[in-house]
1. Please list, in order along region 83-90, the HN-Hα scalar couplings obtained from phi with the Karplus expression 6.51 cos²θ - 1.76 cosθ + 1.60 (θ = phi - 60°), rounded to whole Hz, x for Gly and Pro.
2. If you roll a 1.4 angstrom probe over the protein chains with everything in place, what fraction of the accessible area of region 1-41 belongs to carbon and sulfur, to the nearest %?
3. Amide H neighbours of residue 67 under 5 Å, at least 5 residues apart or on other chains, H built in the peptide plane: list them.
4. Please list, ordered by chain and number, the residues whose modelled amide H lies under 5 Å from the amide H of residue 3; skip anything fewer than 5 residues away on the same chain.
5. What is the gain in length, in nm to one decimal, between residue 64 and residue 5 on full extension, counting 0.36 nm per residue of separation less the C-alpha to C-alpha distance?
6. Which ³J(HN,Hα) values in Hz, rounded to whole numbers, follow from the phi angles of region 34-45 under the Karplus curve 6.51 cos²θ - 1.76 cosθ + 1.60, where θ = phi - 60° and Gly and Pro get x?
7. Any chance you could run the full-extension gain for residue 86 through residue 22? It's 0.36 nm times the residue separation minus the Cα-Cα distance, nm to one decimal.
8. Keeping every protein chain in place, order 43, 15 by accessible area at 1.4 Å, biggest value first, i.e. largest first.
Amino acid sequence: MYIVSNDKDFQQLLEDDKIFLLKPVFNSKEKRWSTMTAEDFRESNHGLDPCKYPDIQALTGDAVDNVPGVKGIGQRIAPFLLSKSANKDLESLLADVDVLDDKYKREYVQTRQNNRKQDLRGRGGDFRDDRD
């Protein structure tokens with residue numbers, strides 16, 4: 001199945017050999033399309049599965065979706081931090097911030113834990129779980 005959309009939130013639905021994301025490429029004169037697979041997602045996100053996209057977004061934030069995120073944690077560091085946690089998810093990262101080596105990064109995660117007002121786990125997760 002192909003999902004045709006430019007919305008990056010659909011990345012959480014990617015599955016090996018089943019669901020792909022087809023995105024239009026706007027920076028060319030001719031019409032082109034880019035295909036994203038679950039493997040592409042893993043390669044660019046420290047081996048995390050696409051279903052972890054809401055956890056990444058909770059850390060990085062997203063102005064379009066009105067998600068505040070954690071100041072100082074961007075697209076490169078968020079997957080790295082999650083990959084270091086026990087279950088490779090936001091909950092285990094917040095429960096055990098000591099898995100991080102850098103005190104500076106721990107402080108940001110602790111700040112996010114204390115000020116967490118939005119739980120993104122249910123945003124895409126409910127749809128994904130009900131799909132079967």
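The values are calculated or read from the model by the stated rules, or taken from the named source; none is laboratory data. This is a predicted model, so every value here is computed, not measured. Every residue, glycine among them, receives a Cβ derived from its backbone with ideal geometry; neighbour counts consider all protein chains shown. In case anyone asks, the SASA skips ligands and DNA or RNA and just uses the protein heavy atoms, side chains included. Shrake-Rupley method; radii C 1.70, N 1.55, O 1.52, S 1.80 Å.
1. Ordered by residue, 3J(HN,Hα) equals 5, 7, 7, 4, 9, 6, 9, 5 Hz.
2. It is 51 percent, rounded to a whole number.
3. Result for residue 67 returns 62.
4. 20, 21, 22
5. Gain on extension, residue 64 to residue 5, equals 19.7 nm.
6. Karplus-based 3J(HN,Hα) across region 34-45 equals 10, 9, 10, 10, 4, 5, 4, 4, 4, 4, 8, 9 Hz.
7. Here the answer is 19.8 nm.
8. The residues order as 43, 15, largest area first.
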